[in-house]
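Encoded as structure tokens, the structure appears first; notes follow it.
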Number of protein chains: 2
Amino acid sequence: MTSSWLEIPAGSPFTLANLPYGTFVDGSGESRLGVAIGDQIIDVGALAEGADLVVPLSGATSVDDVLRLDRPTWRELRAQLVALLSDSASPGDRDAVRGALVPSVDVRMVLPFTVRDYVDFYSSIEHATNLGRLMRPDGEPLLPNWRHLPVGYHGRSSTVVVSGTDVRRPKGQTKPADAPSPVFGPSRLLDFELEVGFVTGGGASVHGDPIAIGDAEDHIYGIVLVNDWSARDVQAWEYQPLGPFLAKSFATSISPWVVPLEALEPFRVPAPPQDPEPLPYLQEAKRRGIDLRLRVRVNGTAVTDTNFRDMYWTMAQQLAHMTVNGTIISPGDLYASGTVSGAQQGTQGSLIELTSRGANPITLDDGSTRTFLDDGDTVTIDGWCGDGDAAVGFGSVAGTVLPAR
Amino acid sequence: MTSSWLEIPAGSPFTLANLPYGTFVDGSGESRLGVAIGDQIIDVGALAEGADLVVPLSGATSVDDVLRLDRPTWRELRAQLVALLSDSASPGDRDAVRGALVPSVDVRMVLPFTVRDYVDFYSSIEHATNLGRLMRPDGEPLLPNWRHLPVGYHGRSSTVVVSGTDVRRPKGQTKPADAPSPVFGPSRLLDFELEVGFVTGGGASVHGDPIAIGDAEDHIYGIVLVNDWSARDVQAWEYQPLGPFLAKSFATSISPWVVPLEALEPFRVPAPPQDPEPLPYLQEAKRRGIDLRLRVRVNGTAVTDTNFRDMYWTMAQQLAHMTVNGTIISPGDLYASGTVSGAQQGTQGSLIELTSRGANPITLDDGSTRTFLDDGDTVTIDGWCGDGDAAVGFGSVAGTVLPAR
């Protein structure tokens, strides 16, 4: 295990094994590309002035500048950053890094990259089963297509926001069961959805050319945590026949640090077997998930403790499926996993599941109960792999519910 | 009626009453902002060198440079262009225009603007009824929400392409009725959808602030023709419960010229009454459609002749509904109407409707028949308002089907 000359506080998610990229705004109001290390940030554009980086990044302003590179360059740059930070770094290298360090507390994190197309999948079999039971109590919980393809849909890019952004409770049409026609007002069933998203990089793919499943991960730069805020009452009324729309498009929160796929390599685990076997274009030589622990807190109370490792459809399958019709993927596309849920109580990634659509309220540490979110509630999702010096943490994605306007 | 010193061929869609913006690539390979007039194009960036435009557009490279302005500026710039082109223009003004003219045949049109969020609505009551009858023959053709809100969903931005781009037949999963499980291969039910799309401009709206219905049209810069190519067999298998995805995301074609809303003012007509009356946020003091004739040809044979005027949900209602949850609209968002269909045979905007899902083939002028599109077929959509010197034409959006790879 390489260690760093730079002091990294114990328990920090941002170890030398991690090195995630993010975008911050410094005191002068300028947007800068950063790498998190302990409780500091390396201003990569400033580092490029003092060190001879493998790729020109002088003045880099956001993670967009990294996403447009390719996997071999991402690897080289990462190796160089590790070398500059490791105990074996020369005094000159250390000086170059020191000249580019900014304390995390002095800056404001902003949306890390320009979100191009945003897709939300539905790839946890436990979540799809839980939702199916709640939505269609008299039918089979899983629809016939679910085990044959990773179901997904396009979401709204303009309202993907960074952690810390307040989320205003949306207004919309809902249809109470006992009303003859819909009513308008603030959503009364505001929920979170715990998700994990991957971000594509490299050049845009070629229109008409699918990405083979064996090549899919080469197009994935890294991973963020996602809260896919959902207005359940709006969704129930609007979603037939073309899918969720205003129930989701008011806000989607992501964590500020994009964790590179390379950093997650030690935590890759076999993905669960699939039954039935999917069509050949979705078959993988080696199915791999990520052993990524996830926790959701509402106002500090842990309500969900689960893991990303058992997702039925892998990221590679999602990308291979999505491009099999020849669609284009671009640097900055965001692909969310769908809600990550387990089968046991307390492992489900949404309130609609945790409370059985409001039938069984949960109790927070202050003694109050929740079926769905109240105004003023803060939802915080954390994620981490491993522990100690080898830990790779995602930090968190948090947001507070503002009352409807 | 103002007339122009510049010769405009009879029957041209690009009269002095029109002045649509587009993006072209000139001989040097550079992208330029253009205004169509007759069979020529004004290079706006070049015009800005010789004339004192109301807004700095020197070197303008695409319609993006127009979309970021606002309605008052769009109006001023339009008035200035009309003045420069009218019979009363000074010799100096005429020289400035002449110095910026490029023959249309010498350039290549490209995607006019950077597509941000793309939404597809479902706003023709005839289309929704026709589809409902075909998809759910035993139920009510219109779902309960349809008359209460403009149903819509997000589509894929990366594959919005300009007219003239070939469209490769997508491969995908389909589930034949008599098969125990899905099969993979080229779509066998490839269709077009005749649509009309509006493009938003001005600054990005404020997150959390809905756009009131009375203000909605201030955010619309102009209109394009849209072909929302659809793989019906892929759609039927994938679309439950989250809506169409790969059945649409392989390609969406738009016409190269964005016709400004100002140019369509003489063709605004009362929109049809609504029953029941919608909720207050969707009520309009004056409901207005556009008397816009639309025609679809397959390999030159006219198969659809219809009109945009009778859409049940107006553009203003679509925008007011979509933002009522506080979502952000951006310059360059594309909002397609959904398939424009009438009730009579020959007025439906898709083959699935024209042929009753393949039961009644149509015959082309060469004697061949079609249920859905064959490889090599060219689909051309034309649109125009009015006639003679006062006509405002959209030109066309065309695309040819390439065989699956």
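The values are calculated or read from the model by the stated rules, or taken from the named source; none is laboratory data. No experiment lies behind these values; they were computed from the predicted model shown. We place every Cβ from the backbone using ideal geometry, glycine too, and count neighbours over all the protein chains shown. Please note that ligands, DNA and RNA were not included when accessible areas were found on the heavy atoms of the full protein model with its side chains. Shrake-Rupley method; radii C 1.70, N 1.55, O 1.52, S 1.80 Å.
Structural remarks
- Residue selected from segment B:129-147 under the condition in contact (Cβ under 8 Å) with a residue 60 or more places away in the chain and within 30 Å of B:Gln283 (Cα to Cα), by the criterion surrounded by the fewest Cβ atoms within 10 Å (Cβ to Cβ): B:Arg147
- Search result, residues across segment B:180-216 that are away from chain A (no Cβ under 13 Å) and free of Cβ contacts under 8 Å to residues at least 12 places away in the same chain: B:Asp215
- Top-ranked residue of segment B:233-242 - restricted to ones that are outside any loop (DSSP other than H, G, I, E, B) and at the interface with another protein chain (Cβ under 7 Å from one of its Cβ atoms), ranked as farthest from the chain's Cα centre (by Cα): B:Trp237
- Unique residue being open to solvent by 10 Å² or more (accessible area, probe 1.4 Å), within 13 Å of another protein chain (Cβ to nearest Cβ) and small (Gly, Ala, Ser) when the list is B:Ser158, B:Ser230: B:Ser158
- Applying the criterion of being of a type in the set (A, V, I, L, M), part of a loop (DSSP other than H, G, I, E, B) and modelled with pLDDT of 95 or more to the residues of segment A:247-291, the residue that is most open to solvent (accessible area, probe 1.4 Å) is A:Leu279.
- Within segment B:90-121, the set of residues being open to solvent by 10 Å² or more (accessible area, probe 1.4 Å) and within 20 Å of B:Ser3 (Cβ to Cβ) comprises B:Ser90, B:Pro91, B:Gly92, B:Asp93, B:Arg94, B:Asp95, B:Ala96, B:Arg98, B:Leu101.
- Some residue of segment A:311-333 being outside any loop (DSSP other than H, G, I, E, B), buried (at least 20 other Cβ atoms within 10 Å of the Cβ), away from every other protein chain (no Cβ under 14 Å) and at pLDDT 95 or above: yes
- Residue in segment A:162-179 that is open to solvent by 50 Å² or more (accessible area, probe 1.4 Å), within 13 Å of chain B (Cβ to nearest Cβ), in contact with a Lys or Arg (Cβ under 7 Å, 6 or more places away or on another chain) and at pLDDT 95 or above present: yes
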